[in-house]
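The values are calculated or read from the model by the stated rules, or taken from the named source; none is laboratory data. These numbers come from a predicted model, not from an experiment. Here the Cβ positions follow ideal geometry from the backbone for every residue, glycine too, while neighbour counts run over all protein chains shown.
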Amino acid sequence: MKLLVTGGAGYVGSVVAARLLEEGHEVTVLDDLSTGHADAVPDGAAFVRGSITEAGEVLSAGFDAVLHFAAKSLVGESVDKPGLYWAHNLGGTLALLDAMRQAGVGRIVFSSTAATYGEPERTPIVETDPTRPGNPYGASKLAVDTTLTAFAGLYGLAAVSLRYFNVAGAYGAFRERHAVETHLIPNVLKVALGERESVSVFGADYPTPDGTCIRDYIHVADLAQAHLLALAACTERRHRIYNLGSGSGFSVKEVVDVCREVTGHEIPAVVAPRRAGDPAVLVASSEKIQRELGWKAARTTLHEIVADAWTGWQTPESGRGL
Ligand code: UDP
């Protein structure tokens, strides 16, 4: 298929673009490089530097589907600058959907998020659970999910939203490279690399067995596989929503311990105050995508996820190192 990958110079987008190319698809990446890196665009993909609000020109060349990753994704920043998040994540996506309609492109796979659920009432979270996002980031992504449902009914759009839990690991040299790193695993590995003296553990008084927050870490390569299945499953007039996690939760302390094991570094950890808005436990039920699309995480141990992230961090900063 001929595919447009928005945000394909970012972490998840570049891994999915690489996997799509491996499967024989023709890939064009559209990315404004506001947070992505031009050298993360995999070899073999065409690259257009630009905003999703300008997608019309690119799409007029004729495409079969769009995989939409381009977004603002920092929870804290979204609280400080909600307008930016509504403009980019909802406004930008509306412009993209409009351009798709005009160009006759009827299929989209969208990067949604666990943040659409907010503080969960029960665990693991299933797709029919209430969506009460606790910040503008989650709210803007939920607004896109709501729009996709409406557009499927109104215009026959074929859409799949994948609600990511904690994406981690690397695919060869394709790894996280955020200018502002907020995620746990990269921050822990930076200590092992000598880039930080210690890692802060945000809260050790949560109602969990060891007092630290529990999250569901999914390997980026397993996540990419789900996108291939989602693309194939796009059905006219339907909007499917799937959670994507590995189904098991690990605490911040457990993550730090596994990083110590993998790197052989003592990794000093310092307990710090809780980070605003962090739920104690976030674990996905991925039973629906397993049942309906036959997806299954192949890399389920935290050790494997961290080991791949560690390899990625030790390779030169280029997405072309596969
Ligand atoms: N966390 C931490 N120290 C860090 C970064 C994150 O203790 O330097 C904690 C954070 O409070 C949360 C968990 O690690 O409980 C996962 O955070 P991350 O930002 O990786 O993902 P999130 O679950 O917020 O999407």
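Listing for the model above:
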| item | result |
| --- | --- |
| Total residues in the range 2-60, condition part of a helix (DSSP H, G or I) and within 17 Å of Arg177 (Cα to Cα) | 11 |
| Index of the failed condition, Phe174 passing every other in (1) away from the ligand (no atom under 12 Å from the Cβ); (2) at pLDDT below 95; (3) under 27 Å from Leu142 (Cβ atoms) | (3) |
| Tally, over the range 247-259, of residues that are surrounded by fewer than 19 Cβ atoms within 10 Å (Cβ to Cβ) and in contact (Cβ under 8 Å) with a residue 60 or more places away in the chain | 1 |
| Test for Glu236: is it modelled with pLDDT of 95 or more, charged (D, E, K, R) and closer than 23 Å to Glu304 by Cβ | no |
| Subset of the range 187-198 [at pLDDT 95 or above and either acidic (Asp, Glu) or within 15 Å of Asn166 (Cβ to Cβ) (or both)] | Asn187, Val188, Leu189, Glu197 |
| Single residue of the range 82-104 satisfying the filter (free of Cβ contacts under 8 Å to residues at least 60 places away in the same chain and among the aliphatic types (A, V, I, L, M)) that is farthest from Val5 (Cα to Cα) | Leu84 |
| Test: residue in the range 100-108 that is within 18 Å of the chain's Cα centre (by Cα) and buried (at least 24 other Cβ atoms within 10 Å of the Cβ) | yes |
| Given (1) more than 24 Å from Lys288 (Cα to Cα); (2) in contact with a helix residue (DSSP H, G or I) (Cβ under 8 Å, 6 or more places away or on another chain), index of the condition Pro133 fails | (1) |
| Some residue of the range 199-219 being away from the ligand (no atom under 13 Å from the Cβ), modelled with pLDDT of 95 or more and more than 22 Å from Arg122 (Cα to Cα) | yes |
| Candidates Leu244, Leu228, filtered to the one that is modelled with pLDDT of 95 or more, closer than 16 Å to Gly13 by Cβ, more than 9 Å from the ligand (Cβ to nearest atom) and surrounded by fewer than 20 Cβ atoms within 10 Å (Cβ to Cβ) | Leu228 |
| Selection within the range 302-320 - more than 16 Å from the ligand (Cβ to nearest atom), closer than 29 Å to Pro207 by Cα and either among the small types (Gly, Ala, Ser) or modelled with pLDDT under 95 (or both) | Ala307 |
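Residue by residue, here is whether (1) touching a helix residue (DSSP H, G or I) at 6+ places or on another chain (Cβ under 8 Å); (2) under 21 Å from Ile305 (Cα atoms) holds:
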{"residue": "Asn187", "(1), (2)": "no, yes"}
{"residue": "Asp205", "(1), (2)": "no, no"}
{"residue": "His227", "(1), (2)": "yes, yes"}
{"residue": "Tyr242", "(1), (2)": "yes, no"}
{"residue": "Glu254", "(1), (2)": "yes, yes"}
{"residue": "Asp257", "(1), (2)": "no, yes"}
